[in-house]
Amino acid sequence: MADLVYPPVIAFARTMMLALGMRITIEGEQHVPVDGGAVIACNHVSYLDFIFCGLGARRSRRLVRFMAKESIFRHRIGGPLMRGMHHIPVDRDAGMASYKAALEALKAGEVVGVFPEATISPSFTIAEFKSGAGRLAAATGVPLIPMVVWGTQRFWTKGRPRDLTQRGVAVTISIGEPMRPQRRDGQDAVNAELRGRMTSLLDRAQREYPQAPAGPDDAWWLPAHLGGTAPEPAVPVTEVQ
C-alpha cells in the first residue's frame, strides 16, 4: 500500500525528539523482522506510546499499523493522519470488523501494533489485558513481539496535564524475543506468558531508568512499588527476581 503520510509524520516526530534533546534508548531492535507479518504487543502509559513503539521498528524499516480506538479516527486532525498511516480503527461495540482488518493486514505482511491493556495503566505497571494480540498471531502464524516503553508518561498521560516541551527526558524502548503462539495453544497460557515477558521488560526498564523524580511533587510518574506516588495497581505486582 502507498505510504504518503507515514514517512513525513515520522520525520516530524524525530525532529521534535531531537529539538527536545530526548535521551532515547532502544534495546532489542533485532527482534522486529525486516519482512513478513508480525504483531507487536506494547504496554500503555502515555497518549504518545504509539510514536515510540513505532520507533522501535525503525531499524527494521517497518511501519507499524496500530489498532486504536475509533474515536481518534473521527478527530478533525488526528482522523486524516490515522487513516493516512493505515492504522486500524477499533469499535468496541463491533470488534470483529477491526479484528478481521488486522488479520488481513498481517496476511499482507504488515506489522500490527496492539496495546493489550486497551487503555492507559494509571499505576504504570502491566495491567490485565485482552487476548487479541495472541489470537491474531496464532491465527496468522506470525511472531508475537513483546515491547515496553517507559518515560513517555512524563509528557502526556491520563489524568495529568500534558507537557510536551520538557527537555532532556529519557525514554526507554525495550523489545523482547518473539513468541510463536500456535492455533492449538490455550489463549490463557499465551496471555500469561506475554504478560510475564512484558512485566519483566518493564521492571528492568524502570529499575535501570537513568533519571529520578526531582522531588516529592514529581514522583507521580513512578510506580508505587518503586517509591513513586502513582496509584497502586488493581492486581498486586509480582516482583521480578
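Dipole size of the chain about its Cα centre, with +1 on Lys/Arg Cβ and -1 on Asp/Glu Cβ: approximately 640 debye, rounded to the nearest 20. Exposure proxy ranking for Glu193, Glu177, based on other Cβ atoms within 10 angstrom of each Cβ and starting from the fewest, stands as Glu177, Glu193.
Among His75, His44, His225, sorting on how many other beta-carbon atoms sit within 10 Å of each Cβ, with the fewest leading, yields His75, His225, His44.
Ignoring lysines fewer than eight residues from Lys100 along the same chain, the ones with Cα atoms less than 17 angstrom from its Cα are Lys69, Lys130. Provide the percentage of antiparallel DSSP beta bridges, counting only those with both residues in the range 22-226; round to the nearest 5. Bridges in the range 22-226 are about 20 percent antiparallel. The distance from the alpha carbon centre of the range 167-211 to that of the range 120-142 is 10 Å, rounded to a whole number. Among Pro122, Tyr47, Gly84, which residue has its Cα furthest toward the positive end of the charge dipole of the range 22-226, with +1 on Lys/Arg Cβ and -1 on Asp/Glu Cβ? In the range 22-226, that residue is Gly84.
Kindly rank 16-22, 166-172, 56-62, 197-203 from highest to lowest mean number of other beta carbons found within 10 Å of each residue. Don't skip to the end; give the middle numbers.
Working: 16-22: 13.4, 166-172: 15.1, 56-62: 17.7, 197-203: 21.6.
The peptides rank, most packed first, as 197-203, 56-62, 166-172, 16-22.
Residues whose amide H falls under 5 Å from that of Ile145, counting only those 5 or more places apart or on a different chain, are Val39, Ile40, Ala41, Met179, with hydrogens built in the peptide plane. You can think of it this way: the chain between Asp218 and Arg180 has 9.7 nm of extra reach, that is 0.36 nm per residue less the Cα-Cα gap.
Could you pull out the trypsin sites (Lys or Arg not before Pro) across the range 90-134 that fall in loop regions by DSSP (anything but H, G, I, E, B) with no more than 16 other Cβ atoms inside 10 Å?
Loop-located and lightly packed - Arg92, Lys130.
Can you give the helix-only mean residue ellipticity at 222 nm for the chain, where every DSSP H stretch with n ≥ 4 adds -39500 (n - 2.57) and the sum goes over all residues, rounded to the nearest 500 deg cm²/dmol? Don't jump to the answer; show the numbers that get you there.
Numbers: 6 runs with 71 residues, N = 241.
After summing the helix terms and dividing by the residues of the chain, the value is -9000 deg cm²/dmol.
Values in this text are rule-based calculations from the coordinates and carry no lab data. On a predicted model such as this, the values are computed, not experimentally measured, just so you know. Please note: Cβ atoms are built from the backbone with ideal geometry, for glycine as well, and neighbour counts cover all protein chains shown.
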